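Note sheet for the following structure.
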Amino acid sequence: MKNKIILVASAFFLGFSALSQTYTFSVGTNSYIELDNPTYLTPVSETWDDPEFEFDFPFVFEYFGVNLPALTVSYGLGAELFGTNSNLQVPIFVPVYCDPIDLGYMSDNPLSSISYKVEGIIGNRILKVQWKNIGFYNQVDQGVTPLDYMNYQAWFYEGTNRIEIRFGVSVITNPNDHFESQLGGPAVFLISTFDLKTQQMGNTYYLSGTPINPTMNFTTDFEVLISSSLSGIPANGQTYIFMPDAQSGLESEINNISFSIVPNPSSSILNIIGTNGIDIEEIQIYDISGRVMHTFYNQSHQLNIEDLNNGNYIIKISSSSGQYIEKFIKQ
């Protein structure tokens with residue numbers, strides 16, 4: 001069935017924008033090589049539509065500065081990779097925004113697959129996720145021939161947290177039948193968080209312009225996101241590279257005072273060490289989307305965090321001497 005992306009939202013917010021990792025974007029060219037003997041996420045011996053699956057990240061990987069323990073495809077969407085988060089604030093990565101389906105779906109002859117493989121040595125591994133010969137629901141369901149299809153991969157690099165989208169051979173004669181923006185090409189975007197309860201979107205990067213030399217843009221406005229895309233189809237060998245900045249916007253804030261927080265992770269109490277002689281004016285705790293969860297005034301050295309849901313948070317300590325910002329985990 002035809003599915004719309006889950007991001008049907010009426011309100012969006014920026015929050016505390018400095019809390020998200022920032023990215024730089026570049027374009028490269030590489031030979032596209034299909035994965036050899038991958039692990040299949042879609043059925044091998046039968047056709048598929050609206051696939052759902054989940055697999056653990058094989059190494060520590062940070063997306064917008066937050067660790068991704070696993071990747072999942074669900075909600076009837078096969079082209080979007082969702083991160084997992086106990087607070088229902090889901091990071092989303094979309095290498096190609098479309099509604100994929102097995103090319104052989106109508107004839108019950110499997111022709112397409114989604115799979116992954118981990119390559120490299122520990123410390124320098126790459127998780128490679130591959131969409132092979134994927135068709136498009138609108139066309140396959142109508143029995144149109146010949147069928148359009150795409151080949152592409154998403155690479156996630158251990159250590160550097162670099163992300164690449166690598167494009168293979170694609171045959172697309174009617175792009176506006178498959179891509180919602182009607183601009184001639186697919187949407188490509190990275191969303192820091194999407195709240196499944198409130199339907200609010202966090203910091204987001206998306207591509208626009210020609211596929212040969214696209215521009216990376218920033219938004220928190222869903223209407224802007226869904227109306228933007230590339231103006232054509234990336235060529236075989238085209239590679240889009242998203243590289244985290246050496247420091248996120250959060251970490252680039254002035255840290256001219258030095259504290260430490262223990263224990264980290266913590267289940268109930270955070271102890272602030274190194275406060276002697278420093279007058280703390282304010283302590284704030286943010287979730288990963290930038291919402292203020294707690295504000296403490298004239299607090300000396302101990303914070304009760306028992307009421308926080310398990311997950312990743314940021315603590316910001318302000319004093320007359322400066323600011324200190326640190327990440328911590330509530331477990």
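Data table
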item	result
Reachable aspartates and glutamates from residue 330, criterion Cα separation under 16 angstrom, eight or more residues apart if same chain	287, 306, 307
Straight-distance crosslink candidates among aspartates and glutamates, where the alpha carbon sits under 13 Å from residue 132 and sequence neighbours closer than 8 are dropped	34, 36, 102, 148
Full-extension gain in nm, residue 260 to residue 72, via 0.36 nm per residue minus C-alpha separation	64.2 nm
Relative contact order (percent, whole number), the range 17-244, Cα cutoff 8 Å, 6+ residue spacing	22
The range 17-244: C-alpha gyration tensor shape, a/c 1.5 cut-off, then a/b vs b/c	rounded
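Computed from the coordinates by the stated procedures, all read-outs in this text should not be read as laboratory data. Because the structure is predicted, anything quoted here is derived from the model rather than measured.
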